[in-house]
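The values are calculated or read from the model by the stated rules, or taken from the named source; none is laboratory data. What you see is a predicted model, and the numbers here were worked out from it, not measured in a lab. Here the Cβ positions follow ideal geometry from the backbone for every residue, glycine too, while neighbour counts run over all protein chains shown. Only protein heavy atoms, including side chains, enter the accessible area calculation; ligands, DNA and RNA are left aside. Shrake-Rupley method; radii C 1.70, N 1.55, O 1.52, S 1.80 Å.
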Amino acid sequence: MLDDRGVDYGVLTGIGLVIASAVVLLFVFSMVRSSASADVAIALESAASEVCGDIETVGSMAVPYRVERFYRLDGAEVRASSGYVNASCGKDVFSRPFAFRIVPGRYEENGSLLWNGSAGMREYLNATFNATGTRERPVDDNHTKALTTLMDRASTSTFTSPVEVPHGRPLIIEKTFIYAMNGVEAEPYVLVYAG
């Protein structure tokens, strides 16, 4: 209906409502979009923190200890390296540091598999140093430097080849000790590998 000046307030009100609705929809869309990014960040932080916490717990044990953990990662890719855990989804990445170094439970060097699991590591030590590194068969004093170099290389290898947390299989986290000097001194190592 037109007034004295020829203005139809119904049309103006309708246009105003359409513009207001569009603004509200844009606001709602931007909120959903920004909260999706926050949800991803929270999921990545949670995944990295869970894996990191399990590694730290096993690493803090004073005795040999082994756990197998299944993780629900909700599409995140989680990798453990010596000193930190990364969780990523697309371009979003979250890193969580921890206080010590890990050794890959499955270790390859120059294309050759040296060990797969702690039993394989003991076999490799026996073949290389003629000792398993247990209290009963410690690594000889003459080989302790070579042993330290080997384990440092293995730990450092996780920077270029991080241990991937598997989907649908367990992640094995194992604290073990390698004895040297006639079974008196022991170095702790945390092995991390897919089960």
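Its Cα centre serving as origin, the stretch 38-194 has a Cβ charge dipole (Lys and Arg +1, Asp and Glu -1) of approximately 160 debye. For the stretch 56-69, the Karplus equation 6.51 cos²θ - 1.76 cosθ + 1.60, evaluated at θ = phi - 60°, returns couplings of 5, 4, 5, x, 7, 5, 8, 10, x, 8, 9, 10, 10, 10 Hz by residue, with Gly and Pro reported as x. Per-residue surface analysis assigns residue 153 an accessible area of about 100 Å², computed on protein heavy atoms at 1.4 Å probe radius.
Coupling constants for the stretch 104-118 follow from the phi torsions by the Karplus curve (6.51 cos²θ - 1.76 cosθ + 1.60, θ = phi - 60°), and in residue order they are x, x, 10, 10, 10, 9, 6, x, 10, 6, 8, 7, 9, x, 5 Hz; glycine and proline get x. Once you divide the Cα radius of gyration of the stretch 38-194 by 2.2 N^0.38 Å, the number left is 1.09. The mean sequence distance of close C-alpha pairs (under 8 Å, at least 6 residues apart), as a share of the length of the stretch 38-194, puts its relative contact order at 29 percent.
Estimated from the Cβ-Cβ distance and a Förster radius of 30 angstrom, the FRET efficiency linking residue 99 and residue 130 is about 0.35. Taking Lys and Arg as +1 and Asp and Glu as -1, the other residues whose beta-carbon sits under 10 Å from that of residue 181 total -3. Model label sites at residue 49 and residue 91, defined 7 Å from Cα along the beta-carbon direction, differ in position by 2.6 nm.
Here's how it looks for residue 84: its modeled amide H is under 5 Å from those of 98, which are all 5 or more places away or on a different chain.
With Cα atoms as the point set, the stretch 72-133 shows a radius of gyration and Dmax of 15.7, 47 Å. Per the Kirkwood formula applied to alpha carbons, the stretch 122-195 shows a radius of gyration over Rh ratio, Rg over Rh, of 1.03. Dipole orientation for the stretch 38-194: of the candidates 178, 93, 51, 178 has the Cα lying most toward the positive pole (charges on Cβ; Lys, Arg +1; Asp, Glu -1).
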